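Okay, structure first, notes after.
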Amino acid sequence: MENVAILAITRNGLKIASSIKQFFPDWEIFAPSKFQNSTIDATWYEDQTATKMAELFGKYDGIVCLFSLGAVIRLVAPYLKDKKTDPAIIVIDDKAGFVISALSGHLGGANVLTEEIAKKLGATAVVTTAADVNKTIAVDLLGKEFGWKIDGDSNVTRISALMVNEEKIGIYQDAGEKNWWRGELPKNVTIYETIEKLKQSDSKACLIISDKVLDDEIYKNSVVYRPKTLVAGIGLHGDTTKTKIKESLDFCLSKYRLSSKSVAKLVSLKKPNDVQGLIDAAIDLGVPVEYFERDELAQINIPNPSDMVQAYEGTPSVSEAAAIKSSQGTLIVEKQKFPPDLTIAIARIEK
């Protein structure tokens, strides 16, 4: 985490802040102007610390507070909204004996940050979230390091409780990274080879890792994770619109029961001028665009070569070839035509 503020309000705290900044040089120190010191790189403020906290809370992803936990709680309480949006709050005592994960431990990253800072300072890390204490799966964090998205979070809290209470949890995975858990699985967790076996099990709840849209019934008692595994190959004209690309891609995903949250990127042929519609569609989808030269695409074996595409683009395929080339995986949706100016194909990244 880079966007972090260090708030010190005592002389000792300022010394500790200076030590922390040696390990994390991009972090910013804030301290009252009465402690101004030319040897310390800090922003010195005249305001009350309560006023400064209000400013920092809305601006930074993490705030490291070098004063008492009780004071920190009182300062941040008026601004607490939701664990999805509140910044990570870490508290360090005035002697740097303990580093405490106080707020947004999981989703906000405070737990990880606490461990990192404690290790650097030679302090004791204090983390109290149940999943960490019990060394079990943090349901709300599974796959986060790989960019997985949770498909609706209404079951997260309930199933997290079942996990830490060691109720039987079943897992099914058919896409995405396999190394999401290192070491032996918790004793209450079982991985099932098929979705049918999972349904027939006595699991109290399920974790499903898939880029497919599955039976709605099983979703009612599951947390569903969407790994970034789908590559959409796009063949288009220079004036193809963003709206047509997005609507046609949605049609393909729906037709083949694939999740839009698993789309990793849009890929296409490199043209003399980039197509604005493709750029805008990717921005709306929150994914990058990747381009290939025609010579690269011409070498890819594809199921549906086109003489017309060969004549116009110098390669027998754009959408299928680009999707296969980028994914280095399997074509799962062959070329879909949306006349007169768009084709889409989808491949799966095998991880």
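Please treat every number below as a calculation from the coordinates, not as lab data. On a predicted model such as this, the values are computed, not experimentally measured, just so you know. Every residue, glycine as well, gets a Cβ built from its backbone with ideal geometry; the counts of neighbours run over all protein chains shown.
Remark: the chain carries a charge dipole of roughly 680 debye about the Cα centre, counting +1 on each Lys and Arg Cβ and -1 on each Asp and Glu Cβ.
Considering only alpha-carbon pairs that sit under 8 angstrom and 6 or more positions apart, the relative contact order computed for the stretch 4-128 is 22 percent. Label 7 Å along Cα→Cβ of residue 74; the stretch 27-54 residues with amide nitrogen under 16 Å? Under 16 Å, as judged by backbone N against the label point of residue 74, lie 48-54 of the stretch 27-54. Just tell me which lysines come within less than 23 Å, Cα to Cα, of residue 84; anything on the same chain fewer than 8 places away is out. Cross-link targets: 52, 59, 135, 144, 149, 220, 228, 261. Pull up the DSSP beta bridges for the stretch 4-128 and report the antiparallel fraction as a percent, rounded to 5. Beta bridges within the stretch 4-128, antiparallel portion: roughly 20 percent. Label-to-label distance, residue 154 versus residue 296, with points set 7 angstrom from Cα along the beta-carbon direction: 4.2 nm.
When 184, 334 are sorted by how many other C-beta atoms sit within 10 angstrom of their C-beta, beginning with the fewest, the order is 184, 334.
DSSP bridge analysis restricted to the stretch 230-348 gives an antiparallel fraction near 60%, rounded to the nearest 5.
For the stretch 7-128, the C-alpha radius of gyration divided by 2.2 N^0.38 Å, with N the number of residues, is 0.97. To the nearest ten degrees, helix 242-255 and the longest principal axis of the Cα atoms of the chain are 80 degrees apart. The structure shown yields Rg/Rh (Cα atoms, Kirkwood Rh), and of the options (1) 0.95; (2) 1.08; (3) 1.01 that calculated value carries the label (2).
In terms of packing, defined here as the mean over residues of other Cβ atoms within 10 angstrom, the peptides 261-274, 280-293 line up highest first as 261-274, 280-293. Which one of 104, 33, 326 has the biggest mean-square fluctuation once the chain is modelled by GNM with Cα springs under 10 Å? The residue that fluctuates most here is 33. Proximity of backbone amide H atoms, modeled 1.01 Å from N, is registered between residue 7 and 30, 64, 65, 66 at under 5 Å, excluding neighbours fewer than 5 places apart on the same chain. Only one residue of 62, 254, 297 has its Cα farthest out toward the positive end of the dipole of the chain, where Lys and Arg carry +1 and Asp and Glu -1 on Cβ, and that residue is 62.
Roughly what % antiparallel, to the nearest 5, for the DSSP beta bridges in the stretch 144-226? Percent antiparallel among DSSP bridges in the stretch 144-226 is about 15. Cross-link partners of residue 242 among aspartates and glutamates, defined as those whose alpha carbon lies under 15 angstrom from its own and excluding same-chain residues fewer than eight positions apart: 250, 274, 280, 284, 341. Candidate cross-link partners of residue 187 among the aspartates and glutamates, defined by an alpha-carbon separation under 12 Å and a same-chain spacing of 8 or more, comprise 166, 167.
To test your reading of the geometry: what angle, between 0 and 90 degrees and rounded to tens, separates the Cα axis of helix 110-121 from the longest principal axis of the chain? Helix 110-121 and the main axis of the chain meet at about 60 degrees.
Against the chain, whose longest principal axis is taken from its Cα atoms, helix 11-23 shows a tilt of about 30°. Every Cα-Cα pair in the stretch 196-351 was counted, and those over 27 Å apart are 26% of them.
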